[in-house]
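Working notes, structure below.
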Amino acid sequence: MAVYAGIDLGSRSVKLALLNEKEELELHKFDTISFYRKYGKLTNGQLKVEFEKLGLKKEFDFLVSTGYGWQVINVQRVSGSKNIPEIKAHIYGAVFLTGLVDFTLLDLGGQDSKVAKVRNKTLIDFETNDRCAASTGRYLENMAVVLGISLEELSCYYENPVELSSTCAIFGETELIGKLVEGNSIAELAAGVNYTIFRRIKPLLLKLLSPVIVFTGGVAHNQAIKKIIERELNVKVVVPDNPQYAGAIGCAVSAKQEYLKDI
């Protein structure tokens, strides 16, 4: 049985998806630095991934990669491989995970955010922000630390948000501490943090809006942001299973297409 592999070389984590002919998935996740340290080998001035060291139970027939690292990491294999843009990978993954063909994709990862308008499984337009961490998982992690709560608890709060005016992840910490000193509750402050994420992505969503938004990336686990988007924009937000693997899964779907095309 043929197996197709997709790898998303992210800034915070590396995700690997294996897809077989029955469309069954096997998912793996690695810390980015640990992944390169354990499974990378410097060859002719380029870091090459040594997949045989991963200890996977299945060999794969074709590999497609995406993410921050694809330009500097050698993932070429004799049996066939290629690179695809991140936005394309995430759309493939969203379609596979949801079965939808018309939607707006919202992908919020560790350090960047992407919004894309999709019609009949095809990219119509997209916007991306990789220059500011204020609408990403890194921002949420930092704010959770300031509040002394877990990311899971942070994702519970969306009512009565405290207004946070700073759009910078760094200055946002100082502002949040000031609001805490003023006597605002943890619930209101956490809701304010989540609402700040929405304010950052709202212009992009309005520009590329659809009745249905597919929410992927690690931040998609935050139920408060999902509820805020639905409430504020009057849309349906779909969070698929394993949303943080959408890019890797999309690559695996692409790998299957490439393999079958060459048969």
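Each value in this text was obtained by applying a stated rule to the coordinates, not by laboratory testing. Predicted model only: the values in this text are computed from it and were never measured. Virtual Cβ from ideal backbone geometry, glycine too; neighbours counted across all protein chains shown.
Over 19 Å between Cα atoms, which of K58/K121; K15/K121; K88/K117 qualify? Check vs 19 Å cut-off fails for K58/K121; K15/K121. Applying a DSSP loop filter and a limit of 14 other Cβ atoms within 10 Å to the trypsin sites (Lys or Arg not before Pro) in the range 85-127 leaves K121. Between C156 and L56, the contour length at 0.36 nm per residue exceeds the alpha carbon distance by 32.4 nm. For the range 117-263, dividing the convex hull volume of the Cα atoms by the residue count gives 119 Å³ per residue. The DSSP beta bridges internal to the range 94-247 are antiparallel in roughly 65% of cases.
Within a straight-line Cα-Cα reach of under 16 Å, K41 can be paired with the following lysines, leaving aside sequence neighbours fewer than 8 residues apart in one chain: K53.
Would you be so kind as to identify all helices of the chain, as entire DSSP H runs, whose Cα atoms reach 27 Å or more along the helix's own axis and whose mean Kyte-Doolittle hydropathy is at least -1.0? In the chain, the long hydrophobic H runs are 186-207.
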